[in-house]
1. Hey, could you check region 1-22 for residues that are in contact with a Leu (Cβ under 8 Å, 6 or more places away or on another chain) and not basic (Lys, Arg) and say which is nearest to GLY105 (Cα to Cα)?
2. Considering only residues that are out of contact with any Lys or Arg (no Cβ under 9 Å at 6 or more places or on another chain), under 20 Å from ASP102 (Cβ atoms) and assigned to a helix (DSSP H, G or I), which ones fall in region 135-166?
3. Of the residues ARG112, ARG127, which single one is more than 18 Å from GLU50 (Cβ to Cβ) and open to solvent by 80 Å² or more (accessible area, probe 1.4 Å)?
4. Is region 46-60 home to any residue that is part of a helix (DSSP H, G or I), open to solvent by 70 Å² or more (accessible area, probe 1.4 Å), among the hydrophobic types (A, V, I, L, M, F, W, C) and touching a residue at least 24 places away in the same chain (Cβ under 8 Å)?
5. Of the conditions (1) under 22 Å from GLY11 (Cβ atoms); (2) over 20 Å from the mean Cα position of the chain (by Cα), VAL147 fails just one. Which one is it?
6. Which of the residues spanning region 12-42 are free of Cβ contacts under 8 Å to residues at least 60 places away in the same chain and closer than 15 Å to PHE129 by Cα?
7. Quick one: in region 1-36, of everything that is modelled with pLDDT under 95 and among the charged types (D, E, K, R), which residue is surrounded by the fewest Cβ atoms within 10 Å (Cβ to Cβ)?
8. State whether one or more residues within region 65-75 are touching an Asp or Glu at 6+ places or on another chain (Cβ under 8 Å), modelled with pLDDT of 95 or more and assigned to a helix (DSSP H, G or I).
Amino acid sequence: AYADLVAGSVGAAMLPFLVRDGADRARLDAPARALGNAMQITNVLRDVGEDWRDLGRCYLPADDLGARGLDLGALVDAAPPVPAAYAELVESLMRDAEALYDEGGRGIGALRRRARVGIRSASRMYREFLNGVRANGYDNLSRRAAVPLPMKLRALARDGYARRRA
């Protein structure tokens, strides 16, 4: 719900500026919101430790943390590696984000040509942060996932996300 309010709404609000004339904007609302939500969830997952330390904020679902017996403050203070329950929570949220990226990607073809390139590029590059969190052993508490420039360029040239994820 939070992601939809802060980012899904932005995706929907951008549609009038991005779609081709005559496009069915109502049909594109759900994919636009999905892509905004995916990017917001990715942002949350990339910055968990930083948000907690610098801002005293936690954007992870409190119910999911509680159900796994996790306390974010204690996790941030602990040394890596992260507990399996935390890694499972992060992976679950990443799968949710990946499904939203897929849904959002289905609407990109209806955008204006110039908009398509930018939105597709942003989507591919931002999605790579999820693999960065995985590469860090799900430690988004003491480390911030990064996507090196060569990886960004590969993501732009070809969508090989699933292969890189594996």
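The values are calculated or read from the model by the stated rules, or taken from the named source; none is laboratory data. These numbers come from a predicted model, not from an experiment. Cβ coordinates were reconstructed from backbone atoms using ideal geometry, including for glycine residues, and neighbour counts include every protein chain displayed. With ligands, DNA and RNA removed, areas are computed over all heavy atoms of the protein, side chains included. Shrake-Rupley method; radii C 1.70, N 1.55, O 1.52, S 1.80 Å.
1. GLY11
2. Result: ALA157, ALA162, ARG163.
3. Working: ARG127 fails: open to solvent by 80 Å² or more (accessible area, probe 1.4 Å).
Answer to the check: ARG112.
4. For region 46-60, residues part of a helix (DSSP H, G or I), open to solvent by 70 Å² or more (accessible area, probe 1.4 Å), among the hydrophobic types (A, V, I, L, M, F, W, C) and touching a residue at least 24 places away in the same chain (Cβ under 8 Å): present.
5. (2)
6. GLN40, ILE41 - these are the residues of region 12-42 that are free of Cβ contacts under 8 Å to residues at least 60 places away in the same chain and closer than 15 Å to PHE129 by Cα.
7. In this case the residue turns out to be ASP21.
8. Taking region 65-75 first, the residues touching an Asp or Glu at 6+ places or on another chain (Cβ under 8 Å) are 65, 68.
Now drop any that are not modelled with pLDDT of 95 or more, which leaves 65, 68.
Those left that are additionally assigned to a helix (DSSP H, G or I): 65.
The answer is yes; a qualifying residue exists.
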